[in-house]
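Taken together, the values in this text are just the output of simple stated rules run on the coordinates, not laboratory data. In this text, all values refer to a predicted model and were calculated from it rather than measured experimentally. In this analysis, Cβ positions are derived from the backbone assuming ideal geometry, glycine residues included, and neighbour counts consider all displayed protein chains.
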Amino acid sequence: MTVEQLNRQRVVHLLDAFARGDIETALACCTDDVYFLTHAPIDVLPHMVPRHGKQELRELWQTVWSRYSEVRYKTPHIVAEGEAVATYMHAFFKKRSNDRIVQFDMAVFYTFRGGLVAEMREIIDSYDLVQQVLEREIGPLITGVD
C-alpha cells in the first residue's frame, strides 16, 4: 500500500470517528501539536477560531457536539499526494435545539507527519452556513436593503 493510500484511509478513519462522536479516536489520528484552521466568520461562529494542540481541538469538537446531535459527511473527492490529502465534502449537521439539518460544502486539506494529521485547513461556504445556523437570510443585513 502506498503512503497516499494509507493517508487517504487515515482521513476516512478520522472522519468516521468524528461523525460517530468518538472524539478521542479522532484525536488519536492527530499529532500532539495538531494545528486546525477554518475560514469561517468567528463573530458568528466564535468557536471556530484557530486551534493548536489536541486539547484545543478537543474543546472545539466538544463544542460542535454540544450543538449538534448528528454529523454526516459525503466525500465525493479525496485526493492524496505524499503527506497531503485534500477532501471535498458535503456535511450534514443536525441541530440539537430543533432537529434542523445544517448542510454545507467544504474543502479540507490535511497534512501528515509520522502517519498522523499535523494540520487541518478547512474552507467552508460560510455565507450559506451562517444563514442556516442563524435560520434567516443575511443578504439584507449585508446590503442594508430589506
#### Entry: All aspartates and glutamates inside 14 Å of residue 95 as judged from Cα atoms, apart from same-chain residues fewer than 8 positions distant
70, 135
### Query
For the chain, what is the Kirkwood hydrodynamic radius in Å, using each pair of distinct C-alpha atoms?
16.0
### Query
Given a cut-off of under 8 Å on Cα pairs at least six residues apart, what relative contact order in percent is computed for the chain?
22
### Query
Is the stretch 40-110 best put as rounded, prolate or oblate by its Cα gyration tensor, with a ≥ b ≥ c the root eigenvalues, rounded for a/c under 1.5, and otherwise prolate when a/b is larger than b/c, oblate when not?
oblate
#### Entry: Environment charge at residue 20 (Cβ cut-off 15 Å; Lys +1, Arg +1, Asp -1, Glu -1)
-2
### Query
Per residue of the chain, what 222 nm ellipticity follows from adding -39500 (n - 2.57) for every DSSP H run with n ≥ 4, rounded to the nearest 500?
-10000 deg cm²/dmol
#### Entry: FRET E, pair residue 134, residue 2, Förster distance 30 Å, beta-carbon r, rounded to 0.05
0.10
